[in-house]
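**Q** Got a structure for you, questions after.
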Amino acid sequence: MRYLLPNKKQYKVNLHAHTNISDGELSPLEIKELYKKNGYSAVAFTDHDVLMTHNDLSDDSFIALNGYELKINEGGVEHAGYKYKSYHLNLIAKDESIDTQVCFNPDRITDEARRFIPFVKHDGEIYREEYSADGVNDIINRAHAAGFLIHYNHPVWCKNNYSDLDGIHGMDGVELINTNSLVIKHIPEDTDAIYAGFLERGEYPYPLACDDNHNQHGTSDSFGAFNMVFCDSLSYHSIIDALQEQSTYASAGPIIKALWAENGIVHIETENTVCVHFLTATRKAKRVYDETGLDMASFRVDGDYGYVRIVLTDKDGNHAYTRAYGVDEIL
Ligand SMILES: [Zn+2]
Ligand SMILES: [Zn+2]
């Protein structure tokens, strides 16, 4: 028997959040208290364009991950409005001591975040981003070299399609669900189409379900999505390690209690789930449905399936997504 999600404790985390450092409404401390109260063990603070560390918020039962969100607008930094495409990328520091940002461009910084320009530590270069796969790859490479994970945010709202993904290499995680897009911008940002595009090209980022909360309308864009990370204990490093090992799944509702493989069969134990889809790299798939609720589902895997990934649905239509497990991990 092999565990596909490790037999460890699960911690609920929101890996994309804004505060009043940029265009969010609440302070970092208020975000911590709100999320702790709602069962979260960690939040990644990802304000726009400026990296501020929040290590003072971390304690035995809560971890503040440090990060920031970059955007690359089609047509350059000057454009305003929502007519153009954009790439939005979150950089998450892999160590709490990292406080120096890469790809710093003060011209890109807007609104409240401009107050923090004098306090930003950066690598000394004023960076000019470019809307292209090479432009994204350059940011990915600089982020990795400086000790950051890099996440691809709300591709549906950004109007990104397959052609925008072509040639992107090394993305660590991809948002399949973004609560702010769904609730505030009324965009159907609960889809695995872009994620499937990465898999088709042989890239295997982990799935993300994030709030991207700004709290400008109360808590309506909070607590809609989360990642579960699997680790023995809660610390900055245990969460980062779990992400790097891809010991995580993304959800807006359904819960995975256990996921393992035995004798060529994948088994999943679920909660708050009515439908389980097993998808593969081929056209082979399986759907298990029970409107009264599903505790278990299983799927026999063939050597030529390439990979297996699982999409769960709850009674309200919310999804959860696993990563793609190569058949060599299963058989
Ligand atoms: Zn964004
Ligand atoms: Zn954001």
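**Q** Given the structure, is Lys185 in a strand (DSSP E or B) and of a type outside the set (Phe, Trp, Tyr)? First the steps, then the outcome.
**A** Details: in a strand (DSSP E or B): no; of a type outside the set (Phe, Trp, Tyr): yes.
No.
**Q** Against the conditions (1) at positive phi; (2) within 15 Å of ligand 1 (Cβ to nearest atom); (3) open to solvent by 10 Å² or more (accessible area, probe 1.4 Å), where does Gly124 fall short? Just the number, please.
**A** (2)
**Q** Let me confirm something: among Ser233, Ser163, which residue is without any contact (Cβ under 8 Å) to a residue 12 or more places away in the chain, away from ligand 2 (no atom under 16 Å from the Cβ) and over 25 Å from Asp23 (Cβ atoms)? Explain how you work it out, then say what you get.
**A** Details: Ser233 fails: without any contact (Cβ under 8 Å) to a residue 12 or more places away in the chain.
It is Ser163.
**Q** Here is a follow-up. If Pro118 satisfies all but one of (1) outside any loop (DSSP other than H, G, I, E, B); (2) within 15 Å of ligand 2 (Cβ to nearest atom), what's the number of the condition it fails?
**A** Exception for Pro118: condition (2).
**Q** Condition first: surrounded by fewer than 22 Cβ atoms within 10 Å (Cβ to Cβ) and either within 13 Å of ligand 1 (Cβ to nearest atom) or in contact (Cβ under 8 Å) with a residue 60 or more places away in the chain (or both). Can you find one or more residues in region 144-156 that meet it? Give the steps one after another, and end with the answer.
**A** Let us first name the residues in region 144-156 that are surrounded by fewer than 22 Cβ atoms within 10 Å (Cβ to Cβ), namely 144-147, 156.
Those still in the list that are either within 13 Å of ligand 1 (Cβ to nearest atom) or in contact (Cβ under 8 Å) with a residue 60 or more places away in the chain (or both) too: 156.
For region 144-156, residues surrounded by fewer than 22 Cβ atoms within 10 Å (Cβ to Cβ) and either within 13 Å of ligand 1 (Cβ to nearest atom) or in contact (Cβ under 8 Å) with a residue 60 or more places away in the chain (or both): present.
**Q** Ok, one more. For the structure I just gave you, tell me whether Glu69 is within 16 Å of ligand 1 (Cβ to nearest atom), without any contact (Cβ under 8 Å) to a residue 60 or more places away in the chain and not basic (Lys, Arg). Talk me through it step by step, then tell me what you get.
**A** Values: within 16 Å of ligand 1 (Cβ to nearest atom): yes; without any contact (Cβ under 8 Å) to a residue 60 or more places away in the chain: no; not basic (Lys, Arg): yes.
So Glu69 does not fit the description; no.
**Q** Among Ile177, Ile140, Ile168, which is of a type outside the set (Gly, Ala, Ser) and assigned to a strand (DSSP E or B)?
**A** Numbers: Ile140 fails: assigned to a strand (DSSP E or B); Ile168 fails: assigned to a strand (DSSP E or B).
The unique qualifying residue is Ile177.
**Q** Before we move on, is Ile21 within 15 Å of ligand 2 (Cβ to nearest atom), out of contact with any Gly (no Cβ under 8 Å at 6 or more places or on another chain) and either open to solvent by less than 40 Å² (accessible area, probe 1.4 Å) or within 19 Å of Asn105 (Cβ to Cβ) (or both)?
**A** So Ile21 passes the test.
**Q** Only residues in region 214-225 that are charged (D, E, K, R) count as the first member; pair them with residues that are not in a loop (DSSP other than H, G, I, E, B), Cβ under 8 angstrom, at least 6 apart or cross-chain, and list the lot.
**A** That search, which allows pairs on different chains as well, returns Asp221/Thr179; Asp221/Asn180; Asp221/Val183; Asp221/Asn213.
**Q** Kindly provide the set of residues from region 6-18 that are open to solvent by 20 Å² or more (accessible area, probe 1.4 Å) and either more than 24 Å from Val174 (Cβ to Cβ) or within 15 Å of ligand 2 (Cβ to nearest atom) (or both), ordered by number.
**A** Residues of region 6-18 that are open to solvent by 20 Å² or more (accessible area, probe 1.4 Å), as a first pass: 6-12.
Passing the criteria: Asn7, Lys9.
Yes/no per residue for (1) open to solvent by less than 50 Å² (accessible area, probe 1.4 Å); (2) not β-branched (Val, Ile, Thr):
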position: Pro254; (1), (2): yes, yes
position: Lys257; (1), (2): no, yes
position: Phe278; (1), (2): yes, yes
position: Leu294; (1), (2): yes, yes
position: Ala297; (1), (2): yes, yes
position: Asp304; (1), (2): no, yes
position: Tyr325; (1), (2): yes, yes
position: Ile330; (1), (2): yes, no
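**Q** Still on this model: Only residues in region 238-255 that are part of a helix (DSSP H, G or I) count as the first member; pair them with residues that are crowded, with 21+ Cβ neighbours inside 10 Å and among the acidic types (Asp, Glu), Cβ under 8 angstrom, at least 6 apart or cross-chain, and list the lot.
**A** Pairs that qualify, where the first residue is part of a helix (DSSP H, G or I) and the partner is crowded, with 21+ Cβ neighbours inside 10 Å and among the acidic types (Asp, Glu), are Leu243/Asp172; Gln244/Asp172.
**Q** For region 37-47, how many residues meet the condition of being within 13 Å of ligand 1 (Cβ to nearest atom) and either more than 16 Å from the chain's Cα centre (by Cα) or of a type in the set (Ser, Thr, Tyr) (or both)?
**A** So the answer is 1.
**Q** While we're looking at this one, here's another question. Select from region 256-291 the residues that are touching a residue at least 60 places away in the same chain (Cβ under 8 Å), part of a strand (DSSP E or B) and of a type in the set (Gly, Ala, Ser) and write down the one among them that is farthest from Gly306 (Cα to Cα).
**A** Ala258
**Q** Can you tell me how many residues within region 34-45 are without any contact (Cβ under 8 Å) to a residue 60 or more places away in the chain, open to solvent by 10 Å² or more (accessible area, probe 1.4 Å) and within 15 Å of Leu65 (Cα to Cα)?
**A** Within region 34-45, residues that are without any contact (Cβ under 8 Å) to a residue 60 or more places away in the chain, open to solvent by 10 Å² or more (accessible area, probe 1.4 Å) and within 15 Å of Leu65 (Cα to Cα) number 1.
**Q** Shifting gears a bit: Run down Thr313, Thr292, Thr282, Thr322 and say which single residue is of a type in the set (Val, Ile, Thr), assigned by TED's automatic domain parsing to the domain that holds Gly264 and touching a helix residue (DSSP H, G or I) at 6+ places or on another chain (Cβ under 6 Å).
**A** Thr282
**Q** While we're here: Can you find a residue that is at pLDDT 95 or above and either in contact with a His (Cβ under 9 Å, 6 or more places away or on another chain) or surrounded by 16 or more Cβ atoms within 10 Å (Cβ to Cβ) (or both) anywhere in region 70-77? Don't jump to the end; show me each part of the working.
**A** Step one: filter region 70-77 for residues at pLDDT 95 or above, giving 70.
Subset that is either in contact with a His (Cβ under 9 Å, 6 or more places away or on another chain) or surrounded by 16 or more Cβ atoms within 10 Å (Cβ to Cβ) (or both): 70.
Within region 70-77 (the criterion being at pLDDT 95 or above and either in contact with a His (Cβ under 9 Å, 6 or more places away or on another chain) or surrounded by 16 or more Cβ atoms within 10 Å (Cβ to Cβ) (or both)), the answer is yes, since at least one residue qualifies.
The values are calculated or read from the model by the stated rules, or taken from the named source; none is laboratory data. Since we're looking at a predicted model, the values are computed, not measured. Virtual Cβ from ideal backbone geometry, glycine too; neighbours counted across all protein chains shown. The protein model used for the area step is the full one, side chains on, heavy atoms only, and it has no ligands, DNA or RNA in it. Shrake-Rupley method; radii C 1.70, N 1.55, O 1.52, S 1.80 Å.
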